[in-house]
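Some notes on the structure that comes next.
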Amino acid sequence: MIDIWLFGAICLIFLAVCAVLRIIFPGPSPDDRFVAMNATVTIAAGAALGLGISWGNLFVLNIFIILIALSYAGMILMARSREAEKL
């Protein structure tokens, strides 16, 4: 039987990889890369939730919550430093 949570998590992981490729390859503006980083973290959070439910293990979810909080804090610091550079 197909586990729908696992299938959903795999789809979200694929979308997160696509967003990471948008960050890595040159071309978009720095603001576009910042939005792609935010999308990557948000999609990865959904994937972690799906994996946690599928595996019945909350340890995966706890680790991702810590990583996501650190990622968002880093993005806030990066946005503040860019704002200071523009002034």
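The values are calculated or read from the model by the stated rules, or taken from the named source; none is laboratory data. Being a predicted model, the structure only gives us computed values, none of them experimental. Here Cβ is always computed from backbone atoms with ideal geometry, including for glycine, and neighbour counts include all displayed protein chains. For the accessible areas, the whole protein counts, side chains as well, though only heavy atoms, and no ligand, DNA or RNA atoms are used. Shrake-Rupley method; radii C 1.70, N 1.55, O 1.52, S 1.80 Å.
Observations on the model:
- Take the Cα of Leu15, go 7 Å toward its beta carbon, and the backbone nitrogen atoms of segment 54-79 under 17 Å from that spot belong to 54.
- Shape category assigned to segment 14-58 from the gyration tensor of Cα positions, a/c cut at 1.5: prolate
- Note on Leu58 and Ala73: the extension gain reaches 3.1 nm, defined as 0.36 nm multiplied by sequence separation minus the Cα-Cα distance.
- Nearest-ten-degree value, helix 58-86 long axis tilted from longest Cα axis of the chain: 10
- Per residue, the chain exposes 72 Å² of solvent-accessible protein surface, assessed with a 1.4 angstrom probe and all protein chains in place.
- Protein accessible area in the chain, 1.4 Å probe - carbon and sulfur %: 76
- (i) 0.99; (ii) 1.08; (iii) 1.34, with the label sought being that of the calculated Rg/Rh (Cα atoms, Kirkwood Rh): (ii)
- Over the chain, DSSP H runs of length four or greater, each weighted -39,500 (n - 2.57), average out per residue to a 222 nm ellipticity of -31000 deg cm²/dmol.
- Converting phi to 3J(HN,Hα) with the Karplus coefficients 6.51, -1.76 and 1.60 and the offset θ = phi - 60°, segment 32-42 yields 5, 5, 5, 5, 5, 5, 5, 5, 4, 5, 5 Hz in sequence order, with x at every glycine or proline.
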